[in-house]
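J.: Sharing a structure, written as C-alpha coordinates. Questions coming.
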Amino acid sequence: MATLAIHNGRVIDPALGRDGIADVVIVDGRIARVGPNEGDMVVEAERIDATGLVVVPGFVDLHTHLREPGFEGKETIRTGTAAAARGGYTTVCAMANTRPPMDSRAAIESVLREAEKSGIVRVLPIGCITRGREGAELAPAGELAGAGVVALSDDGDAVSDPSLMRHALEYATRWGLPVAQHCEDPALVRDGQMHEGWVATRLGLRGRPASAEETFVARDIALAELTGGHLHICHVSTAGSVALIAAAKARGAHVTAEVAPHHLTLTHEEVGFGDDYRSIHYHTNAKVNPPLREEVDIAALRAALRSGIIDAVATDHAPHGQGDKEIEFDLAAPGLTMLETSFALCMKLVHDGDIDLPTLIERMTIGPVRAWGLDIRAGFDGLGTLAPGAPGDVAILDPNAEWTVDPAAFASKGKNTPLAGRMLRGLVVATVFGGALVHDTGRVVAL
Ligand code: DOR
(Lines give C-alpha, C1' and ligand atoms only; values in the text may rest on other atoms or scores of the structure.)
Protein backbone atom coordinates (compact mmCIF):
# COMPACT_ATOMS: atom_id res chain seq x y z
CA MET A 1 0.00 0.00 0.00
CA ALA A 2 1.39 3.40 -0.96
CA THR A 3 0.61 5.99 1.67
CA LEU A 4 1.20 9.74 1.55
CA ALA A 5 0.65 11.86 4.65
CA ILE A 6 0.42 15.65 4.34
CA HIS A 7 0.97 17.02 7.81
CA ASN A 8 -0.27 20.03 9.67
CA GLY A 9 -1.56 22.31 6.91
CA ARG A 10 -4.64 24.53 7.03
CA VAL A 11 -7.02 22.22 5.19
CA ILE A 12 -9.77 24.01 3.28
CA ASP A 13 -12.37 21.74 1.69
CA PRO A 14 -15.39 23.90 0.80
CA ALA A 15 -17.45 20.90 -0.32
CA LEU A 16 -17.44 19.65 3.27
CA GLY A 17 -17.30 23.05 4.96
CA ARG A 18 -13.93 22.14 6.43
CA ASP A 19 -11.37 24.81 7.36
CA GLY A 20 -8.79 24.01 10.01
CA ILE A 21 -5.38 22.54 10.78
CA ALA A 22 -5.35 18.86 9.85
CA ASP A 23 -3.42 16.06 8.19
CA VAL A 24 -4.48 14.52 4.90
CA VAL A 25 -3.74 10.83 4.43
CA ILE A 26 -3.84 9.34 0.94
CA VAL A 27 -3.72 5.56 0.53
CA ASP A 28 -3.33 3.93 -2.87
CA GLY A 29 -4.20 7.12 -4.67
CA ARG A 30 -7.39 7.94 -2.77
CA ILE A 31 -8.16 10.13 0.23
CA ALA A 32 -8.27 7.85 3.28
CA ARG A 33 -8.59 10.23 6.24
CA VAL A 34 -8.48 13.96 6.99
CA GLY A 35 -8.19 15.24 10.54
CA PRO A 36 -5.88 16.52 13.25
CA ASN A 37 -2.87 14.23 13.77
CA GLU A 38 -4.25 11.58 11.39
CA GLY A 39 -0.85 11.42 9.71
CA ASP A 40 0.77 10.37 12.98
CA MET A 41 -1.43 7.26 13.06
CA VAL A 42 0.06 5.80 9.88
CA VAL A 43 3.36 4.05 10.27
CA GLU A 44 4.81 3.58 6.83
CA ALA A 45 4.24 6.67 4.71
CA GLU A 46 5.85 9.19 2.48
CA ARG A 47 5.44 12.47 4.36
CA ILE A 48 5.05 16.12 3.48
CA ASP A 49 5.24 18.94 5.99
CA ALA A 50 2.60 21.56 5.16
CA THR A 51 3.03 23.61 8.34
CA GLY A 52 2.17 27.23 7.57
CA LEU A 53 0.66 26.26 4.20
CA VAL A 54 -2.87 25.79 2.89
CA VAL A 55 -3.98 22.33 1.69
CA VAL A 56 -6.94 22.18 -0.71
CA PRO A 57 -8.47 19.79 -3.26
CA GLY A 58 -6.64 19.97 -6.58
CA PHE A 59 -8.09 22.75 -8.75
CA VAL A 60 -10.55 21.91 -11.53
CA ASP A 61 -10.39 23.93 -14.76
CA LEU A 62 -13.46 23.92 -16.99
CA HIS A 63 -11.65 25.68 -19.83
CA THR A 64 -8.17 24.64 -20.99
CA HIS A 65 -6.83 24.70 -24.53
CA LEU A 66 -4.41 21.78 -24.73
CA ARG A 67 -4.01 22.19 -28.53
CA GLU A 68 -3.38 18.49 -29.21
CA PRO A 69 -4.14 17.19 -31.80
CA GLY A 70 -3.23 19.65 -34.50
CA PHE A 71 -1.36 22.47 -32.83
CA GLU A 72 1.39 20.65 -30.97
CA GLY A 73 3.76 23.56 -31.65
CA LYS A 74 1.69 25.64 -29.24
CA GLU A 75 1.06 22.98 -26.57
CA THR A 76 0.70 19.24 -26.14
CA ILE A 77 -1.29 17.18 -23.70
CA ARG A 78 1.98 16.52 -21.87
CA THR A 79 3.15 20.14 -21.62
CA GLY A 80 -0.35 21.49 -20.95
CA THR A 81 -0.99 19.04 -18.13
CA ALA A 82 2.49 19.74 -16.73
CA ALA A 83 1.53 23.43 -16.68
CA ALA A 84 -1.72 22.46 -14.98
CA ALA A 85 0.17 20.60 -12.25
CA ARG A 86 2.38 23.66 -11.68
CA GLY A 87 -0.76 25.74 -11.35
CA GLY A 88 -2.33 23.43 -8.74
CA TYR A 89 -4.79 21.96 -11.26
CA THR A 90 -5.42 18.21 -11.14
CA THR A 91 -8.36 18.16 -13.56
CA VAL A 92 -8.56 20.10 -16.82
CA CYS A 93 -11.40 20.10 -19.33
CA ALA A 94 -9.84 20.16 -22.78
CA MET A 95 -11.43 22.57 -25.25
CA ALA A 96 -12.67 21.32 -28.58
CA ASN A 97 -10.93 23.72 -31.00
CA THR A 98 -8.22 21.29 -31.99
CA ARG A 99 -7.39 20.08 -35.52
CA PRO A 100 -9.37 17.98 -36.20
CA PRO A 101 -12.00 19.51 -33.93
CA MET A 102 -13.56 17.29 -31.25
CA ASP A 103 -16.72 16.42 -33.19
CA SER A 104 -16.45 12.63 -33.40
CA ARG A 105 -15.98 9.63 -31.15
CA ALA A 106 -12.62 8.92 -32.79
CA ALA A 107 -11.33 12.41 -31.99
CA ILE A 108 -12.44 12.23 -28.36
CA GLU A 109 -10.99 8.76 -27.93
CA SER A 110 -7.65 9.87 -29.37
CA VAL A 111 -7.43 12.64 -26.75
CA LEU A 112 -8.37 10.26 -23.94
CA ARG A 113 -5.76 7.76 -25.13
CA GLU A 114 -3.04 10.38 -25.35
CA ALA A 115 -4.01 11.78 -21.94
CA GLU A 116 -3.74 8.29 -20.47
CA LYS A 117 -0.27 7.95 -21.98
CA SER A 118 1.29 11.36 -21.47
CA GLY A 119 -1.02 13.39 -19.21
CA ILE A 120 0.39 14.52 -15.87
CA VAL A 121 -3.12 15.22 -14.50
CA ARG A 122 -6.70 14.24 -15.41
CA VAL A 123 -8.04 15.37 -18.79
CA LEU A 124 -11.79 15.54 -19.41
CA PRO A 125 -12.62 16.21 -23.06
CA ILE A 126 -15.15 18.74 -24.33
CA GLY A 127 -16.94 18.00 -27.62
CA CYS A 128 -17.99 20.45 -30.32
CA ILE A 129 -21.50 21.87 -30.48
CA THR A 130 -21.42 21.93 -34.27
CA ARG A 131 -19.67 19.78 -36.86
CA GLY A 132 -16.21 21.12 -37.56
CA ARG A 133 -17.05 24.07 -35.28
CA GLU A 134 -18.52 25.59 -38.42
CA GLY A 135 -21.80 26.68 -36.88
CA ALA A 136 -23.90 25.10 -39.62
CA GLU A 137 -25.13 21.73 -38.31
CA LEU A 138 -25.08 20.00 -34.95
CA ALA A 139 -22.27 17.62 -34.04
CA PRO A 140 -23.45 14.14 -32.95
CA ALA A 141 -24.03 14.91 -29.27
CA GLY A 142 -25.09 11.36 -28.39
CA GLU A 143 -21.96 9.88 -29.91
CA LEU A 144 -19.80 12.47 -28.12
CA ALA A 145 -21.57 11.83 -24.81
CA GLY A 146 -20.96 8.11 -25.27
CA ALA A 147 -17.27 8.80 -25.88
CA GLY A 148 -17.06 10.62 -22.54
CA VAL A 149 -17.29 14.38 -23.12
CA VAL A 150 -18.25 16.53 -20.13
CA ALA A 151 -19.69 19.46 -22.11
CA LEU A 152 -20.22 20.76 -25.62
CA SER A 153 -18.54 23.95 -26.85
CA ASP A 154 -17.45 25.69 -30.05
CA ASP A 155 -15.31 28.02 -27.90
CA GLY A 156 -13.23 30.47 -29.87
CA ASP A 157 -16.38 31.04 -31.89
CA ALA A 158 -19.97 31.55 -30.81
CA VAL A 159 -22.79 29.47 -32.23
CA SER A 160 -24.30 32.36 -34.08
CA ASP A 161 -27.48 30.85 -35.56
CA PRO A 162 -30.13 31.11 -32.80
CA SER A 163 -32.13 28.21 -34.16
CA LEU A 164 -29.08 25.94 -34.11
CA MET A 165 -28.30 27.08 -30.57
CA ARG A 166 -31.88 26.31 -29.55
CA HIS A 167 -31.58 22.78 -30.89
CA ALA A 168 -28.15 22.31 -29.33
CA LEU A 169 -29.61 23.16 -25.92
CA GLU A 170 -32.62 20.89 -26.47
CA TYR A 171 -30.51 18.00 -27.70
CA ALA A 172 -27.80 18.25 -25.03
CA THR A 173 -30.34 17.86 -22.22
CA ARG A 174 -30.84 14.22 -23.24
CA TRP A 175 -27.33 13.48 -22.07
CA GLY A 176 -27.27 16.01 -19.26
CA LEU A 177 -24.52 17.98 -20.97
CA PRO A 178 -23.96 21.72 -20.55
CA VAL A 179 -23.67 23.77 -23.73
CA ALA A 180 -20.74 26.10 -23.09
CA GLN A 181 -21.09 29.15 -25.27
CA HIS A 182 -18.41 31.69 -26.23
CA CYS A 183 -20.74 34.67 -26.07
CA GLU A 184 -19.61 37.23 -28.63
CA ASP A 185 -21.79 38.08 -31.63
CA PRO A 186 -19.51 37.80 -34.67
CA ALA A 187 -21.66 40.32 -36.54
CA LEU A 188 -20.94 42.91 -33.84
CA VAL A 189 -17.26 42.17 -33.20
CA ARG A 190 -16.43 41.85 -36.90
CA ASP A 191 -12.65 42.23 -36.99
CA GLY A 192 -12.49 43.97 -33.61
CA GLN A 193 -9.11 43.60 -31.97
CA MET A 194 -9.67 44.66 -28.37
CA HIS A 195 -12.30 46.11 -26.02
CA GLU A 196 -14.18 49.00 -27.62
CA GLY A 197 -13.20 51.95 -25.45
CA TRP A 198 -10.75 54.80 -25.16
CA VAL A 199 -7.63 52.64 -25.41
CA ALA A 200 -8.82 51.18 -28.73
CA THR A 201 -9.47 54.72 -29.95
CA ARG A 202 -6.03 55.88 -28.80
CA LEU A 203 -4.36 52.93 -30.51
CA GLY A 204 -6.46 53.18 -33.66
CA LEU A 205 -7.69 49.62 -33.30
CA ARG A 206 -11.19 48.41 -34.08
CA GLY A 207 -13.12 47.58 -30.91
CA ARG A 208 -15.20 44.65 -29.72
CA PRO A 209 -18.08 46.23 -27.80
CA ALA A 210 -19.32 44.87 -24.47
CA SER A 211 -22.74 44.63 -26.11
CA ALA A 212 -21.43 41.96 -28.50
CA GLU A 213 -21.11 39.73 -25.45
CA GLU A 214 -24.23 40.90 -23.65
CA THR A 215 -26.64 40.46 -26.57
CA PHE A 216 -25.56 36.82 -26.90
CA VAL A 217 -25.73 36.24 -23.15
CA ALA A 218 -29.29 37.60 -23.16
CA ARG A 219 -30.27 35.63 -26.27
CA ASP A 220 -28.84 32.36 -25.02
CA ILE A 221 -30.44 32.75 -21.60
CA ALA A 222 -33.78 33.15 -23.38
CA LEU A 223 -33.05 29.97 -25.36
CA ALA A 224 -32.06 28.08 -22.20
CA GLU A 225 -35.35 29.12 -20.61
CA LEU A 226 -37.25 28.11 -23.74
CA THR A 227 -35.68 24.67 -23.93
CA GLY A 228 -34.85 23.86 -20.31
CA GLY A 229 -31.30 23.20 -21.50
CA HIS A 230 -28.18 23.88 -19.47
CA LEU A 231 -26.40 26.98 -20.75
CA HIS A 232 -22.87 27.55 -19.47
CA ILE A 233 -21.43 30.95 -20.27
CA CYS A 234 -17.69 30.86 -20.91
CA HIS A 235 -15.33 33.62 -19.74
CA VAL A 236 -17.87 36.27 -18.67
CA SER A 237 -16.15 39.64 -19.05
CA THR A 238 -18.66 42.48 -18.62
CA ALA A 239 -20.77 44.02 -15.85
CA GLY A 240 -23.78 43.85 -18.16
CA SER A 241 -23.40 40.08 -18.56
CA VAL A 242 -23.23 39.69 -14.79
CA ALA A 243 -26.56 41.51 -14.40
CA LEU A 244 -28.19 39.28 -17.03
CA ILE A 245 -26.89 36.09 -15.40
CA ALA A 246 -28.01 37.26 -11.95
CA ALA A 247 -31.53 37.89 -13.22
CA ALA A 248 -31.64 34.56 -15.06
CA LYS A 249 -30.52 32.65 -11.98
CA ALA A 250 -33.09 34.49 -9.87
CA ARG A 251 -35.77 33.22 -12.27
CA GLY A 252 -34.45 29.67 -11.89
CA ALA A 253 -32.99 29.28 -15.38
CA HIS A 254 -30.40 26.53 -15.76
CA VAL A 255 -27.50 28.88 -16.38
CA THR A 256 -23.97 28.60 -15.04
CA ALA A 257 -20.97 30.84 -15.67
CA GLU A 258 -17.21 31.03 -15.39
CA VAL A 259 -14.76 33.92 -15.22
CA ALA A 260 -11.09 33.94 -16.24
CA PRO A 261 -8.32 35.20 -13.91
CA HIS A 262 -7.29 37.89 -16.41
CA HIS A 263 -10.79 39.34 -16.62
CA LEU A 264 -10.79 39.62 -12.82
CA THR A 265 -7.52 41.52 -12.66
CA LEU A 266 -6.44 43.24 -15.90
CA THR A 267 -7.99 46.08 -17.91
CA HIS A 268 -7.85 47.09 -21.57
CA GLU A 269 -5.10 49.53 -20.64
CA GLU A 270 -2.82 46.49 -20.52
CA VAL A 271 -2.93 46.40 -24.32
CA GLY A 272 -1.66 49.94 -24.84
CA PHE A 273 0.46 50.56 -21.79
CA GLY A 274 1.18 47.56 -19.59
CA ASP A 275 3.28 48.81 -16.70
CA ASP A 276 4.43 51.95 -18.46
CA TYR A 277 2.14 54.92 -19.14
CA ARG A 278 4.84 57.13 -20.70
CA SER A 279 4.47 55.63 -24.15
CA ILE A 280 1.98 53.49 -26.01
CA HIS A 281 2.54 49.92 -27.11
CA TYR A 282 0.64 47.25 -28.94
CA HIS A 283 0.96 44.40 -26.47
CA THR A 284 -0.22 41.35 -28.36
CA ASN A 285 0.22 39.25 -25.21
CA ALA A 286 -2.75 41.16 -23.78
CA LYS A 287 -4.90 40.36 -26.83
CA VAL A 288 -7.64 37.89 -25.90
CA ASN A 289 -11.27 37.11 -26.74
CA PRO A 290 -13.37 38.28 -25.08
CA PRO A 291 -11.06 41.22 -24.50
CA LEU A 292 -9.77 42.73 -21.27
CA ARG A 293 -12.38 45.29 -20.18
CA GLU A 294 -12.65 48.16 -17.66
CA GLU A 295 -12.45 48.68 -13.89
CA VAL A 296 -16.27 48.69 -13.55
CA ASP A 297 -16.37 45.28 -15.18
CA ILE A 298 -13.66 43.94 -12.88
CA ALA A 299 -15.61 45.17 -9.84
CA ALA A 300 -18.81 43.50 -11.06
CA LEU A 301 -17.02 40.24 -11.90
CA ARG A 302 -15.36 40.11 -8.49
CA ALA A 303 -18.66 40.72 -6.71
CA ALA A 304 -20.35 38.04 -8.83
CA LEU A 305 -17.63 35.52 -8.07
CA ARG A 306 -17.97 36.27 -4.37
CA SER A 307 -21.77 35.93 -4.37
CA GLY A 308 -21.83 32.81 -6.55
CA ILE A 309 -23.60 34.44 -9.51
CA ILE A 310 -20.45 33.29 -11.27
CA ASP A 311 -19.90 29.65 -10.33
CA ALA A 312 -16.28 29.09 -11.19
CA VAL A 313 -12.90 30.45 -12.09
CA ALA A 314 -11.79 28.92 -15.41
CA THR A 315 -8.40 29.73 -16.88
CA ASP A 316 -9.10 29.86 -20.64
CA HIS A 317 -5.45 28.81 -20.85
CA ALA A 318 -4.73 29.61 -24.51
CA PRO A 319 -1.08 28.99 -25.37
CA HIS A 320 0.28 30.41 -28.64
CA GLY A 321 3.73 30.41 -30.24
CA GLN A 322 6.05 33.38 -30.59
CA GLY A 323 5.22 33.59 -34.27
CA ASP A 324 1.52 33.98 -33.41
CA LYS A 325 2.20 36.94 -31.13
CA GLU A 326 5.29 38.79 -32.35
CA ILE A 327 3.50 40.22 -35.37
CA GLU A 328 1.14 43.10 -36.20
CA PHE A 329 -1.64 43.41 -33.62
CA ASP A 330 -4.40 42.72 -36.15
CA LEU A 331 -2.77 39.46 -37.17
CA ALA A 332 -1.80 38.24 -33.70
CA ALA A 333 -3.67 35.26 -32.24
CA PRO A 334 -5.89 36.00 -29.26
CA GLY A 335 -5.26 34.21 -25.97
CA LEU A 336 -3.18 34.13 -22.81
CA THR A 337 -1.22 31.28 -21.30
CA MET A 338 -2.76 31.11 -17.84
CA LEU A 339 -2.53 27.81 -15.94
CA GLU A 340 0.68 28.72 -14.12
CA THR A 341 -0.39 32.22 -13.05
CA SER A 342 -4.07 31.56 -12.34
CA PHE A 343 -3.90 30.99 -8.57
CA ALA A 344 -1.60 33.97 -7.97
CA LEU A 345 -3.77 36.30 -10.08
CA CYS A 346 -6.90 35.14 -8.25
CA MET A 347 -5.16 35.65 -4.91
CA LYS A 348 -5.15 39.35 -5.78
CA LEU A 349 -8.89 39.32 -5.02
CA VAL A 350 -8.20 37.88 -1.58
CA HIS A 351 -5.38 40.35 -0.89
CA ASP A 352 -7.62 43.21 -2.06
CA GLY A 353 -10.35 42.06 0.37
CA ASP A 354 -12.86 41.27 -2.41
CA ILE A 355 -13.29 37.57 -1.58
CA ASP A 356 -12.19 35.32 1.25
CA LEU A 357 -9.81 32.44 0.69
CA PRO A 358 -12.31 29.59 1.32
CA THR A 359 -14.75 31.14 -1.19
CA LEU A 360 -12.01 31.49 -3.80
CA ILE A 361 -11.02 27.86 -3.23
CA GLU A 362 -14.68 26.86 -3.62
CA ARG A 363 -14.82 28.56 -7.02
CA MET A 364 -11.69 26.67 -8.13
CA THR A 365 -12.66 23.20 -6.84
CA ILE A 366 -16.19 22.04 -6.05
CA GLY A 367 -17.75 25.14 -7.69
CA PRO A 368 -16.77 24.12 -11.23
CA VAL A 369 -17.52 20.45 -10.48
CA ARG A 370 -21.09 21.27 -9.41
CA ALA A 371 -21.57 23.80 -12.22
CA TRP A 372 -21.24 21.00 -14.76
CA GLY A 373 -22.97 18.38 -12.61
CA LEU A 374 -19.83 16.26 -12.41
CA ASP A 375 -20.60 15.58 -8.74
CA ILE A 376 -23.70 13.64 -9.72
CA ARG A 377 -22.37 11.96 -12.87
CA ALA A 378 -21.15 8.40 -12.74
CA GLY A 379 -17.39 8.08 -12.95
CA PHE A 380 -16.47 11.45 -11.48
CA ASP A 381 -16.93 10.63 -7.80
CA GLY A 382 -15.13 12.89 -5.38
CA LEU A 383 -13.74 15.44 -7.85
CA GLY A 384 -13.10 18.78 -6.14
CA THR A 385 -13.21 17.52 -2.55
CA LEU A 386 -11.05 15.72 0.02
CA ALA A 387 -13.86 13.46 1.22
CA PRO A 388 -12.76 9.90 2.07
CA GLY A 389 -12.68 7.83 -1.11
CA ALA A 390 -12.13 10.87 -3.35
CA PRO A 391 -9.15 10.90 -5.74
CA GLY A 392 -5.94 11.83 -3.92
CA ASP A 393 -5.70 15.18 -5.69
CA VAL A 394 -4.33 18.02 -3.59
CA ALA A 395 -2.81 21.46 -4.06
CA ILE A 396 -0.54 22.89 -1.37
CA LEU A 397 -0.49 26.67 -1.37
CA ASP A 398 1.35 29.59 0.16
CA PRO A 399 -1.11 32.49 -0.19
CA ASN A 400 1.52 35.08 0.70
CA ALA A 401 4.69 33.96 -1.08
CA GLU A 402 5.83 36.45 -3.69
CA TRP A 403 7.39 35.43 -6.97
CA THR A 404 8.25 37.02 -10.28
CA VAL A 405 6.65 35.70 -13.45
CA ASP A 406 9.26 34.28 -15.82
CA PRO A 407 7.60 32.75 -18.89
CA ALA A 408 10.86 31.00 -19.81
CA ALA A 409 10.38 28.89 -16.68
CA PHE A 410 6.80 27.85 -17.57
CA ALA A 411 6.11 24.18 -18.22
CA SER A 412 3.65 25.34 -20.86
CA LYS A 413 4.98 25.87 -24.37
CA GLY A 414 2.96 29.08 -24.35
CA LYS A 415 5.00 32.04 -23.12
CA ASN A 416 2.25 34.48 -24.14
CA THR A 417 1.51 36.31 -20.93
CA PRO A 418 1.31 40.05 -20.28
CA LEU A 419 2.59 39.34 -16.76
CA ALA A 420 6.25 38.68 -17.59
CA GLY A 421 8.47 40.31 -14.99
CA ARG A 422 5.59 41.13 -12.64
CA MET A 423 5.64 40.22 -8.99
CA LEU A 424 2.65 38.11 -7.92
CA ARG A 425 1.66 37.05 -4.43
CA GLY A 426 0.37 33.50 -4.00
CA LEU A 427 2.31 30.35 -4.85
CA VAL A 428 1.40 26.77 -5.63
CA VAL A 429 4.05 25.06 -3.53
CA ALA A 430 3.21 21.49 -4.50
CA THR A 431 0.57 19.46 -6.33
CA VAL A 432 -0.40 15.86 -5.66
CA PHE A 433 -2.30 13.84 -8.27
CA GLY A 434 -3.65 10.42 -7.37
CA GLY A 435 -1.39 10.35 -4.33
CA ALA A 436 1.80 11.18 -6.28
CA LEU A 437 3.72 14.46 -6.24
CA VAL A 438 3.48 15.95 -9.72
CA HIS A 439 4.78 19.41 -8.84
CA ASP A 440 7.10 20.40 -6.05
CA THR A 441 8.93 23.69 -5.57
CA GLY A 442 11.16 21.95 -3.02
CA ARG A 443 9.57 23.77 -0.09
CA VAL A 444 7.62 20.84 1.31
CA VAL A 445 10.32 18.89 3.06
CA ALA A 446 9.64 15.28 3.87
CA LEU A 447 9.40 14.92 7.65
O1 DOR B 1 -8.55 34.49 -26.81
C2 DOR B 1 -9.01 33.39 -27.03
N3 DOR B 1 -8.22 32.39 -27.45
N4 DOR B 1 -10.31 33.19 -26.85
C5 DOR B 1 -10.90 32.04 -27.20
O6 DOR B 1 -12.07 31.89 -26.97
C7 DOR B 1 -10.12 30.98 -27.88
C8 DOR B 1 -8.72 31.04 -27.50
C9 DOR B 1 -7.81 30.19 -28.32
O10 DOR B 1 -8.17 29.05 -28.62
O11 DOR B 1 -6.69 30.61 -28.61
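J.: Mind checking whether some residue in the stretch 407-419 is of a type in the set (Gly, Ala, Ser), modelled with pLDDT of 95 or more, out of contact with any Phe, Trp or Tyr (no Cβ under 8 Å at 6 or more places or on another chain) and buried (at least 22 other Cβ atoms within 10 Å of the Cβ)?
T.: yes
J.: Just name the residue that is farthest from VAL25 (Cα to Cα) out of those in the stretch 50-67 that are over 17 Å from the mean Cα position of the chain (by Cα) and in a loop (DSSP other than H, G, I, E, B).
T.: GLY52
J.: Restricting to the stretch 267-303, name every residue that is in a loop (DSSP other than H, G, I, E, B) and within 13 Å of the ligand (Cβ to nearest atom).
T.: Correct list: LYS287, VAL288, ASN289, PRO290, PRO291, LEU292.
J.: While we're here: Just to verify a result, which residue in the stretch 420-439, among those that are out of contact with any Phe, Trp or Tyr (no Cβ under 9 Å at 6 or more places or on another chain) and crowded, with 22+ Cβ neighbours inside 10 Å, is farthest from ALA344 (Cα to Cα)?
T.: Ranking the qualifying residues of the stretch 420-439, first place goes to PHE433.
J.: I'm trying to understand the selection: among the residues of the stretch 159-178, which are outside any helix (DSSP H, G or I), touching a helix residue (DSSP H, G or I) at 6+ places or on another chain (Cβ under 7 Å) and surrounded by fewer than 24 Cβ atoms within 10 Å (Cβ to Cβ)?
T.: SER160
J.: Any residue that is modelled with pLDDT of 95 or more and within 19 Å of the chain's Cα centre (by Cα) - is there at least one of those in the stretch 161-178?
T.: yes
J.: Condition first: on the phi < 0 side of the Ramachandran plot and within 16 Å of the ligand (Cβ to nearest atom). Now tell me which residues in the stretch 152-177 satisfy that.
T.: LEU152, SER153, ASP154, ASP155, ASP157, ALA158, VAL159, SER160
J.: Determine which single condition ASP352 fails, assuming it passes every other condition in (1) within 16 Å of the ligand (Cβ to nearest atom); (2) out of contact with any Gly (no Cβ under 9 Å at 6 or more places or on another chain).
T.: (1)
J.: Counting only residues that are within 16 Å of the ligand (Cβ to nearest atom) and in a loop (DSSP other than H, G, I, E, B), which one in the stretch 207-261 is nearest to VAL150 (Cα to Cα)?
T.: Within the stretch 207-261, the match that is nearest to VAL150 (Cα to Cα) is CYS234.
The values are calculated or read from the model by the stated rules, or taken from the named source; none is laboratory data. Keep in mind the model is a prediction, meaning the values are calculated, not measured. Because the Cβ atoms are built from the backbone with ideal geometry, glycine has one as well, and the counts that use them run over all protein chains shown.
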